[in-house]
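The values are calculated or read from the model by the stated rules, or taken from the named source; none is laboratory data. The structure displayed is predicted, hence computed values, not measured ones. Heads up, the Cβs are rebuilt from the backbone with ideal geometry, glycines too, and the neighbour counts pull from every protein chain shown. Areas reflect the complete protein model, heavy atoms only, side chains present, ligands, DNA and RNA absent. Shrake-Rupley method; radii C 1.70, N 1.55, O 1.52, S 1.80 Å.
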Amino acid sequence: MQGNASTATTQPMIPLPHRILKVRRETGDVFSIETQPEGDESDFHFVPGQFNMVYVFGVGEVPLSISGDPARTHTLTHTIRSVGWVTQALKKMKKGDRIGVRGPFGTPWPFQEAAGNDVVIVAGGVGLAPLRPVIYKLLAEREQYGNISILYGARNPDDLLYGKELEKWRGRFDLHVDATVDSAKRGWMGNVGVVTQLIPKAISDPDNTLAMICGPEIMMRFTVNELQKQGIENSNIYLTMERNMKCAIGFCGHCQFGPEFICKDGPVFSYERVRNIFGKREI
Amino acid sequence: MASSPRIGAKYTLDREALQNLIVELTDSGYQVMGPTMRDGAIIYDAVRSIADLPEGWTDDQEGGTYRLEKRLDNALFGYNVGPHSWKKFLFPPRQKLWTAKRSDQGFEIHPEEEEPLRYAFLGVRSCELHAIAIQDKVFMEDAYVDPVYKARRENLLIVAVNCGQAANTCFCVSMNTGPEAKAGFDLALTEVIDNDRHYFVAEAGSERGTGLLEKLSFESADSQEEAAANAAVNRAAEQMGRTLNTQGIRALLQDNPDHPRWDDVAKRCLSCANCTMACPTCFCSTVEDVTDLSGDHAERWRSWDSCFNLDFTYMGGGHTRHSFKSRYRQWMTHKLSTWHDQFDTSGCVGCGRCITWCPEGIDITEEAAAIRKTPKSQEKKK
Ligand SMILES: Cc1cc2nc3c(=O)[nH]c(=O)nc-3n(C[C@H](O)[C@H](O)[C@H](O)COP(=O)(O)OP(=O)(O)OC[C@H]3O[C@@H](n4cnc5c(N)ncnc54)[C@H](O)[C@@H]3O)c2cc1C
Ligand code: SF4
Ligand code: SF4
Ligand code: FES
């Protein structure tokens with residue numbers, strides 16, 4: 001991995017400057033920022049599922065999943081919903097501005113386990129962002145997998161991320177793409193209802209199907225229930241967890257989730273591993 | 001004078017030799033830190049001579065109380081652990097991680113470089129040696145290494161002191177962490193006061209330790225002196241004020257997140273975080289990004305944090321652990337149970353600080369016993 005601008009192993013506490021190449025509005029409060037590491041090391045390698053700690057000068061640092069294509073190592077993309085101090089500051093940034101990046105951190109989605117099997121991706125809201133690198137990778141090595149389904153739910157049609165890409169994927173004959181919204185305005189021709197309703201249609205061979213889920217915890221809970229109902233084993237269900245994080249390297253203790261440190265043991269976990277604590281109140 | 005000192009053999013040092021030890025360490029460039037009295041408590045701070053040690057003092061500890069009392073003798077180490085622990089030197093309560101300056105290119109980040117500090121700790125108790133070993137696992141032996149911790153730790157010289165008495169709040173015997181220092185020190189001393197004689201039985205645990213002994217006036221300990229030192233440690237073991245049954249505790253706590261005792265302790269707990277600040281193994285921290293008025297200069301600071309603080313689990317508009325119940329449960333379950341999953345060791349060394357320094361006198365040994373008494377196994381989810 002020569003020339004990789006990853007700071008994760010050498011100086012894990014020091015952000016590396018990145019220059020913003022592009023800011024793209026995705027939905028009302030969601031945008032994507034594409035950056036490039038500064039200096040000699042111009043490549044950024046990661047595996048889908050990993051995240052970075054992104055720093056805005058003088059404002060602060062937040063964990064953000066990587067949402068870009070792992071094969072395009074010369075740029076780095078995050079998709080961000082602006083909710084508070086740091087994410088709103090990020091929203092104001094323009095081409096040419098600098099941000100700091102520490103990472104990549106965390107565990108990948110289970111590609112080895114998925115190989116040879118059907119894959120069902122279930123995303124809720126901005127939860128599609130950390131799964132987009134998965135989709136890129138699965139498509140890049142399409143022949144290694146069985147049926148691939150992307151099931152996506154959002155609050156309303158305006159909240160659906162990556163609209164153009166969704167359309168493109170929907171047009172592929174080797175991909176099953178299905179989206180739904182909680183409430184629709186006039187003009188929406190698609191499904192209305194929760195994303196779990198899309199699951200039965202997407203599963204044909206439960207014993208040989210691997211599921212990857214990302215979304216709000218409540219959505220992930222219902223999704224797990226539905227997948228179990230369809231006969232998918234706990235050990236074939238993977239999800240990604242989110243908690244307050246101050247370091248991403250196992251020091252600050254904030255991300256603890258029972259015995260797990262989400263930053264280094266996760267954020268991607270098999271449901272089997274966390275089932276005793278997942279959904280448990282205030283763990 | 002005996003022949004060259006060996007690792008593991010027992011020697012005797014007198015009071016003067018202890019004084020010389022402090023001088024020797026200081027002269028060889030160590031900052032000697034040891035027990036000293038401040039504001040009615042024995043804390044760890046710079047020690048320049050044995051006159052700085054709390055000679056003739058002891059402590060009386062119970063749940064929620066700590067009092068210094070005069071001893072009848074002039075022991076230099078005749079007390080147990082106080083509100084501070086050694087972690088404040090290796091893992092500073094507040095620490096600058098880096099500085100950033102605005103530049104034409106956006107900004108530049110400069111890591112905080114420090115001339116690695118050379119500490120010598122004097123008077124480290126056995127439970128505290130274990131606590132240091134536990135923090136080593138967190139900061140140096142897992143996926144990532146904390147460079148400041150590592151630099152200070154590698155330079156560290158440890159003079160341990162075996163406990164000759166135990167506080168009411170001590171339970172190192174239960175945790176298998178004391179009272180006798182068995183590893184992890186350069187030199188270990190046992191203080192003996194025998195009629196008119198005041199001396200230390202010393203054992204080197206490393207070559208640095210034998211090297212130190214070499215520079216002091218030492219004698220080989222005879223069997224009587226060794227027996228006196230053993231008797232002191234045995235006395236401490238017998239005086240243990242508390243016990244904690246650790247059998248199967250890892251599963252016990254993880255299987256009982258809904259035990260009614262958590263509601264009970266939540267009514268007493270103030271969520272003040274004292275226990276976590278006093279605890280020698282708690283490692284949690286938070287970071288703060290600050291800027292100066294010009295906005296051209298930014299810094300990141302790391303400081304101790306606690307799972308008892310509400311903001312510890314803040315996530316967009318809510319907190320994962322809102323109730324006191326869930327915070328106490330996190331603390332105790334982490335200390336006694338999930339720590340085993342994470343670092344293959346207990347997170348508790350039985351030092352009793354959390355009991356003494358809890359304003360409500362909440363007692364981890366009592367809470368664990370209450371859960372053990374009526375365990376309700378969690379219903380296994382599908
Ligand atoms: C592993 C991981 C991956 C994430 N990936 C993405 C992503 O791809 N896109 C995206 O939009 N968001 C993502 N988030 C959530 C994102 O980190 C928060 O929205 C962000 O921290 C909010 O910061 P703020 O300063 O804007 O908000 P404020 O409300 O001002 O937050 C103050 C501080 O609280 C903490 N905090 C608040 N909300 C969260 C949260 N949801 N999760 C963790 N810490 C929080 C942060 O330390 C933050 O700095 C991810 C979180 C985690 C843990
Ligand atoms: S008990 Fe709380 S403060 Fe102490 S290490 Fe565990 S989570 Fe951190
Ligand atoms: S939990 Fe209490 S007794 Fe155990 S090491 Fe921490 S302060 Fe000492
Ligand atoms: S984010 Fe700090 S320990 Fe995981």
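Summary of computed values
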quantity: Label-point separation, B:Lys88 to A:Lys229 (7 Å along Cα→Cβ), nm; calculated: 5.7
quantity: For region A:28-68, the fraction of alpha-carbon pairs in successive 5 Å shells from zero, as %; calculated: 5, 16, 23, 31, 18, 6, 1, 0
quantity: Buried accessible area, chains B and A (both chains, 1.4 Å probe, Å² to nearest 100); calculated: 4100
quantity: Under 18 Å from the Cα of A:Lys201 - lysines, other chains or at least 8 residues apart; calculated: A:Lys229
quantity: Rounded accessible area per residue of region A:111-240, 1.4 Å, Å²; calculated: 45
quantity: Charge tally in the Cβ shell below 12 Å around B:Pro92, where Lys, Arg are +1 and Asp, Glu are -1, B:Pro92 excluded; calculated: +3
quantity: Note, ³J(HN,Hα) from phi for region B:161-175, Karplus 6.51, -1.76, 1.60, rounded to Hz, x at Gly and Pro; calculated: 10, 6, 6, x, 7, 10, 7, 4, 9, 7, 8, 5, 4, 4, 8
quantity: Histogram of C-alpha separations across region A:5-105, 5 Å bin width, %; calculated: 3, 14, 27, 29, 19, 7, 1, 0
quantity: Förster radius 35 Å - calculated FRET efficiency between A:Ala140 and B:Leu310 (Cβ-Cβ, nearest 0.05); calculated: 0.20
quantity: Value of [θ]222 nm, deg cm²/dmol, for chain B, DSSP H segments ≥ 4, -39500 (n - 2.57) each, nearest 500; calculated: -8500 deg cm²/dmol
quantity: For region B:226-235, 3J(HN,Hα) per residue [Karplus equation, 6.51 cos²θ - 1.76 cosθ + 1.60, θ = phi - 60°, Hz, x = Gly/Pro]; calculated: 4, 5, 5, 5, 4, 4, 4, 5, 5, 4
quantity: Cα centroid separation - region B:197-253 against region B:43-114, whole Å; calculated: 23
quantity: For region B:92-183, diffusion coefficient by Stokes-Einstein and Kirkwood Rh (Cα), 4 °C, 1.567 mPa s, µm²/s; calculated: 81
quantity: By accessible area with a 1.4 Å probe, ligands and nucleic acids excluded, highest first: order of A:Lys264, B:Lys150; calculated: B:Lys150, A:Lys264
quantity: All-pairs Cα distance distribution in the protein assembly as shown, expressed in whole percent, bin size 20 Å; calculated: 17, 43, 29, 10, 1
quantity: Computed E for B:Asp194/B:His322 - FRET, C-beta separation, R0 41 angstrom, nearest 0.05; calculated: 0.10
quantity: Computed label-point distance, nm, for sites B:Asp344 and A:Asp29 using a 7 Å Cα→Cβ extension; calculated: 4.5
quantity: Peptide A:242-252, shielding by other chains (average Cβ, 10 Å cutoff); calculated: 6
quantity: Projected area averaged over orientations for region B:314-363, convex hull of C-alpha atoms, nm²; calculated: 4.5
quantity: Rg/Rg_ref, region B:1-155, where Rg_ref = 2.2 N^0.38 Å and atoms are Cα; calculated: 1.31
quantity: Against the rule of thumb 2.2 N^0.38 Å, how large the Cα Rg of region A:111-240 comes out; calculated: 0.98
quantity: A:Arg132, A:Arg81, reordered so the largest accessible area comes first (probe 1.4 Å); calculated: A:Arg81, A:Arg132
quantity: Per-pair calculated FRET efficiency, R0 = 56 Å: A:Arg172 and B:Ala46 via Cβ, rounded to 0.05; calculated: 0.20
quantity: Compactness of region B:69-144 as Cα Rg over 2.2 N^0.38 Å, two decimals; calculated: 1.69
quantity: Whole-Å distance, taken between Cα centres, linking region B:133-151 and region A:72-131; calculated: 29
quantity: Reduction of at least 50 Å² in accessible surface, 1.4 Å probe, comparing all protein chains with the chain by itself, residues of region A:43-57; calculated: A:Tyr55, A:Phe57
quantity: Convex hull of Cα atoms in region A:207-283, direction-averaged projection (nm²); calculated: 4.9
quantity: Stokes-Einstein diffusion coefficient of region B:108-255, Kirkwood radius over Cα pairs, 37 °C, 0.692 mPa s, in µm²/s; calculated: 187
quantity: Convex hull volume of chain B per residue (C-alpha atoms, cubic angstrom); calculated: 177
quantity: Region A:26-180: relative contact order in percent, alpha carbon pairs under 8 Å with at least 6 residues between; calculated: 25
quantity: Kirkwood-Stokes translational diffusion coefficient of region B:279-377, alpha-carbon pairs, 20 °C, 1.002 mPa s, µm²/s; calculated: 134
quantity: Filter on A:Lys280/B:Lys88; B:Lys88/B:Lys325; A:Lys137/A:Lys280; B:Lys10/B:Lys70; B:Lys10/B:Lys87; A:Lys246/A:Lys280 - keep pairs with C-alpha separation over 25 Å; calculated: A:Lys280/B:Lys88; B:Lys88/B:Lys325; A:Lys137/A:Lys280; B:Lys10/B:Lys70; B:Lys10/B:Lys87
quantity: At least 40 Å² of accessible area lost relative to the chain alone, listed for region B:88-113 with a 1.4 Å probe; calculated: B:Trp98, B:Gln105, B:Phe107, B:Ile109, B:Pro111
quantity: Accessible area (Å², 1.4 Å probe, nearest 10) - B:Cys272; calculated: 60
quantity: Cα-projected label distance for A:Lys94 with B:Asp14, points at 7 Å along beta-carbon direction, nm; calculated: 8.1
quantity: Compactness of chain A, expressed as Rg and Dmax over alpha-carbon positions, Å; calculated: 18.3, 53
quantity: Descending Cα extents along the principal axes, region A:88-157, whole Å; calculated: 43, 32, 20
quantity: Amide H contacts of B:Lys10 (H built 1.01 Å from N, under 5 Å, at least 5 apart or other chain); calculated: B:Ala221
quantity: Per-residue SASA entry for B:Thr36, accessible area with 1.4 Å probe, Å² rounded to 10; calculated: 20
quantity: Principal-axis tilt of helix B:364-373 within chain B, Cα atoms, nearest 10 degrees; calculated: 60
